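To start, the structure under review is shown below, and the notes come after it.
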Amino acid sequence: MTDYLVTMESAWVIRDVKSVDDAVGIAIAEAGKRLNPEAKYVEVEAGMSACPFCEESLNCGLVVANTALVGLTLEMKVFRAESEEHAQRIAKSVIGKALGDVPLQIVETKQLAERKGAESAPPARSAEPPRPAVGPRPAGTSRPAGAPRPTGQAHHPFGRRPTKR
């Protein structure tokens, strides 16, 4: 199993906006708000495209009649995927579920460097014998869980008898 970085682009329509910079800011904020509860580990950035004449990178936004179309780039690390296609399906499913009806397209998928000793060697075992498991102690007692109660002490939820008034 391998780790991948999946890069996707999405298109956002923003209404009642005056400039491209405002539209990009609103689109990033809206995407972050939708991704935050379920997929806060997704990186959101403004999309960039190359100018066909000078090859310089430009913002991926267009404003016409106070309505903007903004392209965003979304990156997500997918861990322990079986293949590149599996990583793409996982990323598209997670991000698509959080964003709803926003169109998504996969741009690039990179394989991340292997972690040292991830699957090559089994975990080392200690030479010490295993210690017995000790459970949590009940509230108000100083004895381990499962130990016998001293004689003459009645069971009470708070560990002691209620006093009579």
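General remarks:
- Contact order normalised by residue count of segment 2-111, Cα under 8 Å, 6+ apart, percent: 46
- Database remark: amide H of Arg80 closer than 5 angstrom to the amide H of Thr2, Asp3, Tyr4 (H placed geometrically; neighbours at sequence offset of 5 or more, or on other chains; Pro and chain starts carry no H).
- Sorting 86-99, 24-37 by average packing, meaning the other beta carbons within 10 Å per residue, from highest down gives 86-99, 24-37.
- With θ taken as phi - 60° and the Karplus curve 6.51 cos²θ - 1.76 cosθ + 1.60 applied, the whole-hertz 3J(HN,Hα) list for segment 34-39 is 6, 7, 4, x, 9, 10 Hz, x standing for glycine and proline.
- Lysine pair count for segment 2-111 with Cα-Cα distance under 14 Å and sequence separation of 8 or more or different chains is 5.
Bear in mind these aren't lab numbers, they're just calculated from the coordinates by the rules spelled out. The structure presented is a predicted model; accordingly, all values stated were derived computationally and were not measured. Ideal geometry is used to build each Cβ from the backbone, glycine not excepted, and the neighbour counts take in all protein chains shown.
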